[in-house]
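The values are calculated or read from the model by the stated rules, or taken from the named source; none is laboratory data. This is a predicted model, so every value here is computed, not measured. Positions of Cβ are generated from backbone atoms using ideal geometry, with glycine treated the same way; all protein chains shown enter the neighbour counts.
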Amino acid sequence: MKRIVAFVTVVMTVLLSTLSVTYAAETMKLRYSNYMPGTHRMSLLTGQFCEEIKKRTNGRVEITHYPGGTLTTAPKIFQGVVTGFSDFGWSVTNYNQGRFPVTDLTVMPIGKSSGWVGAQVADDFYRKFTPKEWDSVHVLFMSASGPNIIYTAKTAIKNLEDLKGVKIRATGKTADTLEALGGAPVPLELGDTYEALRRGVIEGCLGPLEQLKGWRLGELAKYVTASWRVGATNTFYAVMNKEKWNGLPADIKKIFDEVSMEFKAKHAQAWNEIDLEGLEFLKQRGGQVILLSDAEAKRWEKAVEPVIVAYKKELMSKGFKSDEIDGWINYLKERGDFWEKKAKEQGMKSLWQ
């Protein structure tokens, strides 16, 4: 009898050991959707994020990266993550106007000089207030492009009068800013913009300088108007399906948190670098940068003030309190000033000197 018991014990130990090894060796295969071209710096970083997760988890998590909108297009990325069609998503809030009412305050024309500053402010804002509009996903981190400025193919925009009625590609809340300045916003996905600009369907774009090289729009644009004082930064997000996140072991979650913070910093720095590259791309092709005088810049700032007032009213109509909204706006301005100071302390190169 003792021999039988001993035999059974040995067999059970071997089986449990085998099952344990098999379980440990299992790989969780996930999918990451990103609408940006595969060669874009942000896509390269997103791909590196996937590689780093695989490395740090010793192959327990393997993420396949789908850039260029090959899994879900830009407007569908967020919902794709919510439903589990994709496990991760990288996109920008402008493509889903109305879905992120509180976060859309981060794209108001408060004026930020760089993507590095905008990225810090956007992530700070999310972590400080954690708006309920993000409850359906797990947020890895927030980021932001460089400031939206106006660039055109044929007409130099030197003042508000030059902009009146000019057809400019603008999406989401940035379109409200353009309209306040007198331009005629045309909503287009960025992937459709090159052909629209080439054919004259639009006359220019309201977007960060990185688009000049990253999306080749500098091949067509000839003028950049340095309108950054009213150029809100576009808010980007890296999110994960909430059910998949909740199902991760604690040690894997810790790795995701660590890698996410590292790549938050890498994306923020990269936005600055690619804006500088975009500006150089334009100049190499004979493009011109038009600097607004202080007096003209103040006219632009005055012109967009109603955009913030109107959006506050819109938020109040959705049930948000006036004092609460003022607190959000003041926080954004305070963090903007804080990170502008940090950028100078760190000796970051300005786009506008």
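Scanning region 156-172 for residues that are under 17 Å from ILE202 (Cα atoms) and in contact with an Asp or Glu (Cβ under 6 Å, 6 or more places away or on another chain), which turns out surrounded by the most Cβ atoms within 10 Å (Cβ to Cβ)? Among residues in region 156-172 that are under 17 Å from ILE202 (Cα atoms) and in contact with an Asp or Glu (Cβ under 6 Å, 6 or more places away or on another chain), the one surrounded by the most Cβ atoms within 10 Å (Cβ to Cβ) is VAL166. Restricted to helices (runs of 4 or more DSSP H) entirely inside region 199-299, those with at least 3 residues that are surrounded by fewer than 21 Cβ atoms within 10 Å (Cβ to Cβ) are 242-246, 250-284.
Residue-level check: of (1) closer than 30 Å to ASN58 by Cβ; (2) of a type outside the set (A, V, I, L, M); (3) over 19 Å from the mean Cα position of the chain (by Cα), ASP257 misses just (3). In this entry, TRP352 is excluded by the filter for residues that are surrounded by 18 or more Cβ atoms within 10 Å (Cβ to Cβ) and either of a type in the set (A, V, I, L, M, F, W, C) or modelled with pLDDT of 95 or more (or both). When the residues of region 282-302 are filtered to those that are in contact (Cβ under 8 Å) with a residue 24 or more places away in the chain and among the charged types (D, E, K, R), the one that is nearest to TRP352 (Cα to Cα) is GLU296. Taking first residues from region 29-42 that are free of Cβ contacts under 8 Å to residues at least 12 places away in the same chain and partners that are surrounded by 18 or more Cβ atoms within 10 Å (Cβ to Cβ) and in a loop (DSSP other than H, G, I, E, B), the Cβ contacts under 9 Å between residues at least 6 apart in sequence or on separate chains come to THR39/PRO67. For region 275-289, a residue qualifies if it is under 20 Å from ARG41 (Cα atoms) and among the hydrophobic types (A, V, I, L, M, F, W, C), and the qualifying residues are LEU276, LEU279, PHE281, LEU282.
For region 36-66, filtered to residues that are in a loop (DSSP other than H, G, I, E, B) and within 19 Å of ASP275 (Cβ to Cβ), the residue that is farthest from the chain's Cα centre (by Cα) is THR39.
Scanning region 252-261 for residues that are in contact (Cβ under 8 Å) with a residue 12 or more places away in the chain and among the charged types (D, E, K, R) yields a single hit, GLU258. Within region 111-148, if we keep just the residues that are of a type in the set (Val, Ile, Thr) and farther than 22 Å from GLU334 by Cα, the residue that is surrounded by the most Cβ atoms within 10 Å (Cβ to Cβ) turns out to be VAL137. If you go through region 66-76 one residue at a time, do you hit one that is crowded, with 20+ Cβ neighbours inside 10 Å, at pLDDT 95 or above, within 26 Å of MET261 (Cβ to Cβ) and out of contact with any strand residue (DSSP E or B) (no Cβ under 6 Å at 6 or more places or on another chain)? The answer is no, given that none of the residues of region 66-76 is crowded, with 20+ Cβ neighbours inside 10 Å, at pLDDT 95 or above, within 26 Å of MET261 (Cβ to Cβ) and out of contact with any strand residue (DSSP E or B) (no Cβ under 6 Å at 6 or more places or on another chain). The residues of region 147-178 that are within 16 Å of THR225 (Cβ to Cβ) and either assigned to a helix (DSSP H, G or I) or of a type in the set (D, E, K, R) (or both), listed by number, are LYS154, LYS158, LEU160, GLU161, ASP162, LEU163, LYS164, LYS167, ARG169, THR174, THR177, LEU178. Taken together, PHE100, PHE141 contain a single residue that is under 30 Å from ALA250 (Cβ atoms), in contact with an Asp or Glu (Cβ under 8 Å, 6 or more places away or on another chain) and part of a loop (DSSP other than H, G, I, E, B), which is PHE100.
With respect to LYS222, determine if the residue is of a type in the set (Lys, Arg) and either modelled with pLDDT of 95 or more or touching a His at 6+ places or on another chain (Cβ under 8 Å) (or both). So LYS222 fits the description; yes. Of all residues in region 179-198, those satisfying the criterion of being touching a Lys or Arg at 6+ places or on another chain (Cβ under 8 Å), part of a loop (DSSP other than H, G, I, E, B) and either hydroxyl-bearing (Ser, Thr, Tyr) or at pLDDT below 95 (or both) are PRO187, LEU188. Starting from residues that are over 25 Å from the mean Cα position of the chain (by Cα) and part of a helix (DSSP H, G or I), keep the ones in region 307-324 and report whichever is farthest from LEU181 (Cα to Cα). Looking at the filtered set, the residue picked out is ASP323. For TYR126, state whether it is part of a helix (DSSP H, G or I), modelled with pLDDT under 95 and of a type outside the set (S, T, N, Q). Judged against the criteria, TYR126 is not a match. For region 173-189, the set of residues classified as within 18 Å of the chain's Cα centre (by Cα), buried (at least 22 other Cβ atoms within 10 Å of the Cβ) and not β-branched (Val, Ile, Thr) consists of LYS173 only.
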